[in-house]
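Since the structure comes first, as structure tokens, the remarks are kept for the end.
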Amino acid sequence: MGNWKYWLFQLSGWGSFGMINIFFAFTFDRLNPEFFERQGLFLLLGLIFSHFMRVVIIWMGLVQKSLNKQVPLFLIISFCFMVVVSFSVVVSHLNVELLTTLGLLVRSEVELLARTNVNYWISSKLLLVLSTAFSYFLLLVIWNLIYFVFHYVTSNHKQKVESLPLDSLVKA
Amino acid sequence: MLLGNRRYWLFQLIGWGSFAFINTFFAFSFDQLTAVVFKRLAVFLVLGVVFSHLMRVIIIQLGLLQKNLNKQVLQFFIITFCLTLLVSYISVELLISFGLIKKTEAEMLARTDVSFWINKVLLVLSMAFSYFLLFFIWSLIYFVYHYVAKSRKQQMDTLQLESLVKELELKTIKAHINPHFIFNSLNSIRALVDENPERARKGITELSNILRSSMQADKAEAVAFQKELFIVKDYLALENMRFEDRLKIEYQVDDNTLPLPVPPMMLQTLVENAIKHGISKQIHGGIVRVISTIKNNFHELSVQNTGYLNGHMSGEGFGLSSTTNRLNLLYGNKAKFEIKQASTSLVEARVSIPVEANY
């Protein structure tokens, strides 16, 4: 379930993103109930899926693997990248489905979905999912980077403390 | 240094390039691939590359990566935030100058309910939000890259330190063995000086042979068992002069074990203990038996002696505890050392070393 520090980070991260969006919606005169519902859905899904992503990271032991020198770093990075992309697409798909079901699509989105000739190779719905996925992707990349930095720093600090007795032993 | 290396520019190219690619893809898919969109994207990218590079120059100039972690995090955030605002302001100015403002942006700037400057500030802020997300990712990747490199280097340093400690520990143990051994041998020779000077002279020659071997052994972590056996034979010949009929020596050595590597002076230590704590305490003397065999892929080295196991023999003496320490250092938990009462009047010290031990 994660500790209080983790939830503090989650709350600060998604909270500040929510606050910034509210600020811009307010200044651009778009602060209506629909905006709140859409924003709430985006944040809720972001929170749930980032937490689920943490479960996957822990389950696969990705942090430990990244600390282990025997596993090439580019493999870990590629794998994390795949995880983030997959989660972004899945969460965006769910987001688009829920927006459609709850009738919260904005006019430009409804127009896009109604178009029959969006492009000859990509469906309008997939396009909508992908454009939402891009927003989620940027946020989930930040989420992952912060998560890994936190664990790297903690582990590095622990390692420094552990090597102190060795240092003093050699210098004595 | 300030221009950056090849890898840095590769990262920059991949980062901003993929951002440009994704944006072009969406513009194309949404049928918005116009010259204005391209120009806007170009302005965004050029400013992004220039200012992210500027951020790197500032980070290097301030020596940010060398500062303590709390300062690093705070200053990274401040630099990102300030540069984001600056780049957004310049971006908005350039878009206005080049006439690349979107309709919604133009409408916003034209609002009359608030002043033009407030509208402009809001526009800069909304632009800053997009830049901030990208610059924040940029900073995090930059920080992670250098932190991981530093952390891996530190791991290597720790490993080197650990091996240095191990080496020093081994040297200390070896340094302890030699005086211990010399002390016992000189005592044996001293006992012969008045009684039989000829044999004492021969004994000194044997001792010098042993010392020479031990000096050579000091340099290596392991030597062939055969070499060890030569030293032990010299030593027991030396002791035999002192004990005469009181000491009987037996060797049960499997020839296959002769080339196997063993820690130098280890067998010598066990034999010394067998004499010191076993034979010398028996009025009628006794037997010292050196056995070397291979059992279940383990090289078993045993030294049996007549005597009774007591407090001194249960591993308290320096010789025995150093044997345990050396085995631990060299083989971890794969090697075993035990000392036990093998029969009513026979004590056995046994070392088991894995045959395929990796040095």
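For the stretch A:26-40, does any single residue satisfy the condition of being of a type in the set (A, V, I, L, M) and in a helix (DSSP H, G or I)? Checking the stretch A:26-40: not a single residue is of a type in the set (A, V, I, L, M) and in a helix (DSSP H, G or I). Taking the criterion of being more than 22 Å from B:N328 (Cα to Cα) and of a type in the set (A, V, I, L, M), the residues of the stretch B:230-264 that qualify are B:I231, B:V232, B:L236, B:A237, B:L238, B:M241, B:L247, B:I249, B:V253, B:L258. Looking at the stretch B:34-147, the helices (runs of 4 or more DSSP H) lying wholly inside it that each contain 3 or more residues that are crowded, with 19+ Cβ neighbours inside 10 Å and more than 13 Å from chain A (Cβ to nearest Cβ) sit at B:35-61, B:69-97. Residues in the stretch A:117-154 that are facing chain B (nearest Cβ under 8 Å) and at pLDDT below 80 were compared, and the one that is farthest from A:Q39 (Cα to Cα) is A:N119. Checking each residue in the stretch B:18-65 for being in contact (Cβ under 8 Å) with a residue 60 or more places away in the chain and among the polar types (S, T, N, Q) picks out only B:S52.
If I filter the stretch A:4-37 down to residues being away from every other protein chain (no Cβ under 12 Å), within 17 Å of the chain's Cα centre (by Cα) and not aliphatic (A, V, I, L, M), which single residue comes out as surrounded by the fewest Cβ atoms within 10 Å (Cβ to Cβ)? Here the residue is A:S12. Scanning the stretch B:243-266 for residues that are part of a helix (DSSP H, G or I) and buried (at least 23 other Cβ atoms within 10 Å of the Cβ) yields one hit, B:M266. Checked against the criteria, A:M82 does not count as within 14 Å of another protein chain (Cβ to nearest Cβ), on the phi < 0 side of the Ramachandran plot and exposed (fewer than 12 other Cβ atoms within 10 Å of the Cβ). From the list B:A224, B:A220, the lone residue that is at pLDDT below 85, more than 25 Å from B:G286 (Cβ to Cβ) and within 39 Å of the chain's Cα centre (by Cα) is B:A220. Counting only residues that are among the charged types (D, E, K, R) and under 18 Å from B:S151 (Cβ atoms), the stretch B:45-70 holds 1 of them. Hey, can you tell me all the residues within the stretch B:283-300 that are among the polar types (S, T, N, Q) and surrounded by 19 or more Cβ atoms within 10 Å (Cβ to Cβ)? Residue satisfying the conditions is B:S292 alone.
The values are calculated or read from the model by the stated rules, or taken from the named source; none is laboratory data. What you are looking at is a predicted structure, and each value in this text was computed from that prediction instead of being measured. With ideal geometry, Cβ positions are generated from the backbone for all residues, glycine too; neighbour counts draw on all protein chains shown.
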